[in-house]
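One structure below.
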Amino acid sequence: MKKMKFGTLCVHAGERPDPSSGAHTTPIYQTSTFVFDSAEQGAARFAGEEDGYIYTRLMPNTPTHAVLVEKMAALEDGETGQAFSSGMAAITGVAFSLLKKGDHLLSTDAVYGGTYELFESVLTRSGIEVSFVDTTDLEKVQRNLKKNTRMVFLETPANPTMKICDIAAICGMARQTGAVSIVDNTFATPMFQKPLAMGADAVLHSCTKYLGGHADLVGGVVVGSREFIKSMRPVVNITGPTMSPHEAWLCIRGLKTLHLRMAKHSTNALEVARFLEAHRKIAWVRYPGLPSHPQYEIAQQQMSGFGGMLSFGVAGGIEAGRKLMNSLELCSLAVSLGAVDTLISHPASMTHAGVTEQVRIKTGITDDLVRLSVGIEEPEDIIADLDQALERL
Ligand code: LCS
């Protein structure tokens, strides 16, 4: 059958009637272990000679997880995937599967604060060399690739600066050096950006965000080739970053409407971005769908839509920004993103508080930066809320 369109894959990929009961909707396999037919079968599964379930911590976890990763592999154009208990667990799993003492990691400089701290403190403490590079500058990327560079990590659009880097160009450079390239696709989702098709070796997500979509689960997922996912088996099985079957089920449920939600997040965010850009009390706005975005052209080339995230600065700096955040009535003052409702936060004092001021300023996470995760409410209501809060400044 011809490969189905993205929205159809969101609904159908991975789905099948449950083999044991015929249940139409994937059951939550809430079990910690699986019964073997024989001692020989148990031994064959442990030896990797036979596929099948063993124990929920061990890959491939449970049939609920299997549906989730099959759906995600279809959406990202990958072969298979692995679910994790959080986005951070997914990044940790990939990093420890690929890197050992003496290896070098090149990462986008402006990444989610947790990712920055993992790379900057946990990995370096393990004897791994890390360079944070402005990946919007291809020359800088080339200059920082070394003989021992084993992993290149890109986050694009980046949290919260919305900086965009050229995935195809950088993955090509990484390949020439013999490094594996990984893209955090949390902000764009596979609806708007397909890193594997642009040359990445693996793509990962915080499922907590748009994939789950309803701010009711914490999870992560990695998608790539069968070989890549298999290579993570020792670290995944031993360290135990298991997603719970219930979270896997919630994520499957969320993914069925990903295409509808992302379309609305995106049109809403563009309207909100235009409103903010035209407002006299707003100093600047960063949204990849606005021609004022510094990497607008790359965004046009490698993204088919621009998602629901934007950042802006209020004239009057952080004090005015705080007043704005405290005056909102519809939008919730909360971290995380990708929920159906609009969330607003202040990265310098919240998600990126663990990043030193010097690094924050250097990477563009300025004190006046306010981050907005535009929800799927009607845009007039989001704009009216922002407008009344701006009027109070
Ligand atoms: N990657 C990106 C781009 C993220 O924004 C986050 C979390 C993660 C990975 C980690 O995922 P988690 O472990 O939380 O599932 N970003 C957050 C944020 O901006 N606010 O709260 C969490």
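Coupling constants for segment 131-148 follow from the phi torsions by the Karplus curve (6.51 cos²θ - 1.76 cosθ + 1.60, θ = phi - 60°), and in residue order they are 10, 9, 10, 6, 6, 6, 10, 4, 5, 5, 4, 4, 5, 9, 7, 10, 4, 9 Hz; glycine and proline get x. Residue-wise HN-Hα couplings along segment 76-88, as the Karplus relation 6.51 cos²θ - 1.76 cosθ + 1.60 with θ = phi - 60° gives them from phi, are 9, 6, x, 8, 7, x, 9, 8, 9, 6, 6, x, 5 Hz; Gly and Pro carry x. Protein heavy-atom surface of the chain, 1.4 angstrom probe: 53% of the accessible area is carbon and sulfur, with nucleic acids and ligands not counted. The phi torsions of segment 99-108, fed into the Karplus equation with coefficients 6.51, -1.76 and 1.60 and a -60° offset, translate into couplings of 9, 9, 3, x, 7, 10, 10, 9, 10, 3 Hz, rounded to whole numbers, with Gly and Pro shown as x.
A straight chain from His214 to Gln30 at 0.36 nm per residue would run longer than the Cα-Cα distance by 64.1 nm.
In this structure the amide hydrogen of Glu50, modeled in the peptide plane, comes within under 5 Å of the amide hydrogens of Arg45, none closer than 5 places in sequence on its chain. Take the chain with all the other protein chains still there, run a 1.4 Å probe, and you get 41 Å² of accessible area per residue.
Less than 17 Å apart at the alpha-carbon level, and either on another chain or at least 8 residues along: which lysines does that give for Lys323? Output for Lys323: Lys281.
When the chain is treated as a GNM with alpha-carbon contacts under 10 Å, the residue of Arg16, Arg150, Arg57 showing the greatest mean-square fluctuation is Arg16.
For Gly375, the residues 5 or more places off, or on other chains, whose built amide H falls under 5 Å of its own are Thr342, Leu343.
Taking the chain as the reference, fit the longest principal axis to its C-alpha atoms, fit the long axis of helix 245-255 to the helix C-alpha atoms, and give the angle between the two in degrees, 0 to 90, nearest 10. Long axis of 245-255 versus the principal axis of the chain: about 50 degrees.
Glu120 sits among other residues whose Cβ lies under 12 Å from its own Cβ, and their net charge, with Lys and Arg +1 and Asp and Glu -1, is -2. Loop-located chymotrypsin sites (Phe, Trp or Tyr not before Pro) in segment 1-100 (DSSP state other than H, G, I, E, B) with a sparse environment of at most 14 neighbouring Cβ atoms within 10 Å are absent. Using the rule -39500 (n - 2.57) for each DSSP H run of four or more residues, divided by the residues of the chain, the 222 nm mean residue ellipticity is -11000 deg cm²/dmol. Distant-in-sequence amide contacts of Ser206, defined by a placed amide H-H separation under 5 Å and a gap of 5 or more residues or a different chain, comprise Thr186.
The values are calculated or read from the model by the stated rules, or taken from the named source; none is laboratory data. What you see is a predicted model, and the numbers here were worked out from it, not measured in a lab. Here the Cβ is made from the backbone with ideal geometry for all residues, glycine too, and neighbour counts use every protein chain on show. With ligands, DNA and RNA removed, areas are computed over all heavy atoms of the protein, side chains included. Shrake-Rupley method; radii C 1.70, N 1.55, O 1.52, S 1.80 Å.
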